[in-house]
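The values are calculated or read from the model by the stated rules, or taken from the named source; none is laboratory data. Note that the coordinates shown come from a computational prediction; the quantities given were computed from them, not determined experimentally. With ideal geometry, Cβ positions are generated from the backbone for all residues, glycine too; neighbour counts draw on all protein chains shown. What goes into the accessible areas is simple: the full protein's heavy atoms, side chains included, and nothing from ligands, DNA or RNA. Shrake-Rupley method; radii C 1.70, N 1.55, O 1.52, S 1.80 Å.
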Amino acid sequence: MHFSAIGRVPGDPILGLIDAYNQDTNPNKFDLGVGVYKDANGLTPILQSVKQAEQRLVDQQQTKTYIGGHGDSRFGQLISELVLGTDSPLLEAKRAGATQTPGGTGALRLVADFIAHCLPGRGIWLSDPTWPIHESIFAEAGLKVGHYPYVGRDNTLNVAAMLHALEHVPLGDVVLLHACCHNPTGFDLSQDDWRQVLDVVRRRELLPLLDFAYQGFGDGLEEDAWSTRLFVSELPEVLITSSCSKNFGLYRERVGALIVCANDAEKLTDVRSQLAYLARNLWSNPPDHGAAVVATILGDAQLKAQWAAEVEAMRSRIAQLRSGLVEALTPFGLAERFAHINQQRGMFSYTGLSTEQVQVLREKHSVYMVGSGRANMAGVDGTRLELLAKAIAQVCQH
Ligand code: LMR
């Protein structure tokens, strides 16, 4: 038998929760697992701006032919402007270009291959902790994966330890930084911290890879781009992976981009030729629909304004759920213990709950979150905060 030696691997730690949650018959279950936004009705809605853009595409799109290795150039220009700023000097100087990818994960897969093929011998450094797929995606591409401390056992951000570790990263290695809304912890660097990280990156001649999957979910669409724009304005070479899954609610359509910033237009063309080659071997052409929706929205002032308002509504609702949960925990004497929930940004909160507590929450209270203690705050049902707080309080007593 050909397959007899093949064993079984454990299910995905995040996506596996979708099935487990769906199978739970408890009407009072909570889905704080996979990072998707839910509205007050517990639904992950299609944004109105997306619906309108889709209607336009249905009416006006002329063809479904291939779009080419880098994807739709209009999408590439517009997503680059969203990330780098409409008036970015890099775009003007043709020093930055986007390659459309199937989601932010596709962008990470492409950049992993790019590093492996074009920068052989370079290791990649990830925050400890980080999104579990960062770990596997770079390891599977054959890269040596290292870690720098980020959030310690006491569930606080340790910038001093991070900077110290980065000082000792081998010259020229790649360092992955979460541009905003750190996944899984929700702890973001301050502007001062970012400047210090930039300083080490420059001195150690490291190549920064900014993973930017949650633009608009932290402090706002422009505000969240601050760190990325700082890095590209100060360094000659930067890699950026961008996702439209969350801020356009286009999760299953798989829309993302790998944006490369090079020292000059000539070098960018060299790099992009390699990316087209690598993408051809991975997925040939990226899927079109989601990117066409994004381009339709970003290319139309009225739709763009409507979309920005929708992102802002999601962002502020998550912020309200954060403060609402801390308030609901207050009668149980837990306000201080969980005060960090209000300081964290984006969809996720590293709650500080242990793997055992997460398991009890799931088995006894039908509260689903990732084993690391990561809760998707965007999945919290605001009408049942008291119930959730009660469940958390019960596991905290043990
Ligand atoms: C998450 O971390 O839950 C999201 O980024 C979804 C995913 O692909 O894991």
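Go through the stretch 74-79 residue by residue and turn each phi into a ³J(HN,Hα) via Karplus (6.51, -1.76, 1.60, θ = phi - 60°); whole Hz please, and just put x for glycine and proline.
5, 4, x, 5, 5, 6
Measure out, as a whole number of angstrom, how far apart the alpha-carbon centroids of the stretch 128-185 and the stretch 240-292 sit.
Using only Cα atoms, the two centres lie 23 Å from each other.
For the stretch 286-393, what Kirkwood radius comes out of the mean inverse Cα-Cα distance, in Å? Could the numbers behind the result be given before it?
Numbers: mean 1/r = 0.0639 Å⁻¹.
Taking the inverse mean of 1/r over all distinct Cα pairs, the stretch 286-393 comes out at 15.7 Å.
Return the percentage of antiparallel bridges among DSSP beta bridges fully within the stretch 66-299, rounded to the nearest 5 %. Spell out each step's value before the answer.
On the way: 13 of 29 bridges.
Around 45 percent of the beta bridges assigned by DSSP in the stretch 66-299 are antiparallel ones.
Can you tell me which aspartates and glutamates have their Cα less than 17 Å from the Cα of Lys29? Leave out same-chain residues fewer than eight positions away.
Within reach: Asp19, Asp39, Glu363, Asp381, Glu386.
First select every other residue whose beta carbon is under 13 angstrom from the beta carbon of Gly42; then total the charges, Lys and Arg +1, Asp and Glu -1. Before the final figure, lay out each step's value.
Values: positive: Lys29, Lys38, Arg317, Arg384; negative: Asp31, Asp39, Asp381.
Local net charge: +1.
Kindly report, to the nearest 10 Å², the accessible surface of Cys181 as traced by a 1.4 Å probe over protein heavy atoms only.
For Cys181, solvent-accessible area is about 0 Å².
Which loop-located chymotrypsin sites (Phe, Trp or Tyr not before Pro) does the stretch 23-97 contain, where loop means any DSSP state but H, G, I, E or B and the Cβ has at most 11 other Cβ atoms within 10 Å?
Working: sites: Phe30, Tyr37, Tyr66, Phe75; in loops: Tyr37, Tyr66.
When the chymotrypsin sites (Phe, Trp or Tyr not before Pro) of the stretch 23-97 are filtered for loop state and at most 11 Cβ neighbours within 10 Å, Tyr66 remain.
Given the options Leu198, Leu282, Leu143, identify the residue whose Cα lies farthest towards the positive end of the charge dipole of the stretch 66-299 (+1 on Cβ of Lys, Arg; -1 on Cβ of Asp, Glu).
Selected residue: Leu282.
Could you pull the accessible area for Asp128 with a 1.4 Å probe, rounded to 10 Å²?
The value for Asp128 is about 80 Å².
Can you tell me the mean projection area, over all orientations, of the convex hull of the chain's alpha carbons? Units nm², please. Don't jump to the answer; show the numbers that get you there.
Values: hull surface 85.7 nm².
Mean projected area for the chain: 21.4 nm², to one decimal.
Rounded to the nearest 500, what is the chain's calculated 222 nm mean residue ellipticity when only DSSP H runs of at least 4 contribute -39500 (n - 2.57) each, over all residues? Display every interim value, and only then the final one.
Working: 15 runs with 177 residues, N = 398.
Calculated mean residue ellipticity at 222 nm is -13500 deg cm²/dmol.
Hey, for a label at Tyr66 modelled as a point 7 Å past Cα toward Cβ, could you say which residues of the stretch 248-264 have their backbone N under 13 Å away?
Counting backbone N atoms under 13 Å from the label point, the list is empty.
I'd like the accessible area for Thr99: 1.4 Å probe, protein heavy atoms, all chains in place, Å² to the nearest 10.
0 Å²
Between Arg337 and Gln191, take the C-beta separation as r, use R0 = 25 Å, and let me know the FRET efficiency to the nearest 0.05. Provide the component values of the computation, followed by the final result.
On the way: r = 28 Å, r/R0 = 1.12.
The value I calculate is 0.35.
Could you please state how large a percent of the accessible area of the chain is carbon and sulfur, counting protein chains only and using a 1.4 Å probe?
On the way: 9200 of 18220 Å².
The value for the chain is 51 percent carbon and sulfur by accessible area.
Residues of the chain: accessible area per residue at 1.4 Å, in Å²?
Numbers: 18220 Å² over 398 residues.
That works out to 46 Å² for each residue.
Rounded to the nearest 0.05, what FRET efficiency is calculated for Ala276 and Glu312 with R0 set to 35 Å and r the Cβ-Cβ distance? Intermediate values should be presented prior to the final figure.
On the way: r = 36 Å, r/R0 = 1.02.
About 0.45, to the nearest 0.05.
Net charge around Ala295, counting only other residues with Cβ within less than 13 Å of its Cβ (Lys, Arg = +1; Asp, Glu = -1)? Mind dumping the intermediate values first?
Values: positive: Arg56, Arg74, Lys304; negative: Glu54, Asp72, Glu81, Glu253, Asp288, Asp300.
Taking every other residue near Ala295 into account, the sum is -3.
Sorted by accessible area with a 1.4 angstrom probe, largest first, how do Lys51, Lys38, Lys364 fall? Let's see the in-between values first.
Numbers: Lys51 100, Lys38 30, Lys364 155 Å².
Final ranking, largest accessible area leading: Lys364, Lys51, Lys38.
A 24 angstrom limit on the alpha carbon distance is what I want to check against. Which of Lys246/Lys267; Lys94/Lys144; Lys38/Lys390; Lys64/Lys267; Lys267/Lys304 exceed it?
Details: Lys246/Lys267 32 Å; Lys94/Lys144 32 Å; Lys38/Lys390 21 Å; Lys64/Lys267 32 Å; Lys267/Lys304 32 Å.
Pairs exceeding 24 Å: Lys246/Lys267; Lys94/Lys144; Lys64/Lys267; Lys267/Lys304.
Compactness ratio of the stretch 66-299: Cα Rg over 2.2 N^0.38 Å, N = residue count?
On the way: Rg = 16.4 Å, N = 234, 2.2 N^0.38 = 17.5 Å.
Here the answer is 0.94, to two decimals.
Quick check: net charge around Leu325, other residues with Cβ under 13 Å of its Cβ, Lys/Arg +1 and Asp/Glu -1?
Values: positive: Arg317, Arg322, Arg337, Arg384, Lys390; negative: Glu327, Asp381, Glu386.
Overall, the nearby charge balance is +2.
Counting DSSP beta bridges with both partners in the chain, what percentage is antiparallel, nearest 5? It would help to have the intermediate numbers written out before the result.
Working: 16 of 35 bridges.
DSSP beta bridges in the chain are roughly 45 percent antiparallel.
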